[in-house]
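Reading through the structure tokens given below for one structure.
FYI, it's all coordinate maths here, none of it is from the lab. It should be emphasised that the depicted structure is a prediction, and the values quoted were computed from it without experimental measurement. Here Cβ is always computed from backbone atoms with ideal geometry, including for glycine, and neighbour counts include all displayed protein chains.
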Amino acid sequence: MTESGRDVEGCLACDLNSGRQDLPGGRIYTTEHWAVEHCIGPLGLGALIAKPLRHCLRVGDLTAEETGELGPLLQRATSTIEAIVEPDQVYVCLWSHAGWTPGHIHFVLQPSWNKQSQEHEKPGPFLQVDMFRSGESPPRDAVEAFAEQARQLLGSAPVITAGA
């Protein structure tokens, strides 16, 4: 997993892209260069991942075409999360490390609610750390239902372009 390329066996993101690993809810949306899917970790129902289809370790290694699709895709995916689960905020953050080793980059789009302050002391990355420590992933049937709603919304969402 040290080189950028099309598909790297053993990379979780690539294995999910290729179908070598089970993906609850399946792929939600695809552009020419990006895939959107529900997060398989414990970041809650409605947490999506946007990742390049090719194995890419650094944002600086994205092509102009990949970069051009990224902003509109993050906006559309965030709007989709907001429409389905009505959070107070959607965090968008880049993840690319596993044990201090660069991995397939992916953007996590995580809904958050102010009511989470009752169970978690701090928001943002602190909330994510708490959720990973809990290890509680959402039920598969709920992920599949969310993914189907998101698939319908993302598939019909207008493309946002500069100046629109």
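Listed values, structure above:
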quantity	calculated
Segment 2-60, subset more than 26 Å from Gly124 (Cα to Cα) and among the small types (Gly, Ala, Ser), residue surrounded by the most Cβ atoms within 10 Å (Cβ to Cβ)	Ser4
Sole exception among (1) basic (Lys, Arg); (2) surrounded by 14 or more Cβ atoms within 10 Å (Cβ to Cβ); (3) in contact with a Ser or Thr (Cβ under 9 Å, 6 or more places away or on another chain) for Arg76, by number	(3)
Contacts under 9 angstrom Cβ, first residue in segment 105-123 being on the phi > 0 side of the Ramachandran plot, partner surrounded by fewer than 16 Cβ atoms within 10 Å (Cβ to Cβ) and in a helix (DSSP H, G or I), 6 or more apart	none
Which numbered condition Ile105 misses (of (1) of a type in the set (Val, Ile, Thr); (2) buried (at least 16 other Cβ atoms within 10 Å of the Cβ); (3) more than 18 Å from the chain's Cα centre (by Cα))	(3)
In segment 10-25, the residues that are without any contact (Cβ under 8 Å) to a residue 12 or more places away in the chain and in contact with a helix residue (DSSP H, G or I) (Cβ under 7 Å, 6 or more places away or on another chain)	Gln21
Close pairs from segment 136-149: first on the phi > 0 side of the Ramachandran plot, partner not hydrophobic (A, V, I, L, M, F, W, C), Cβ under 9 Å, at least 6 apart	none
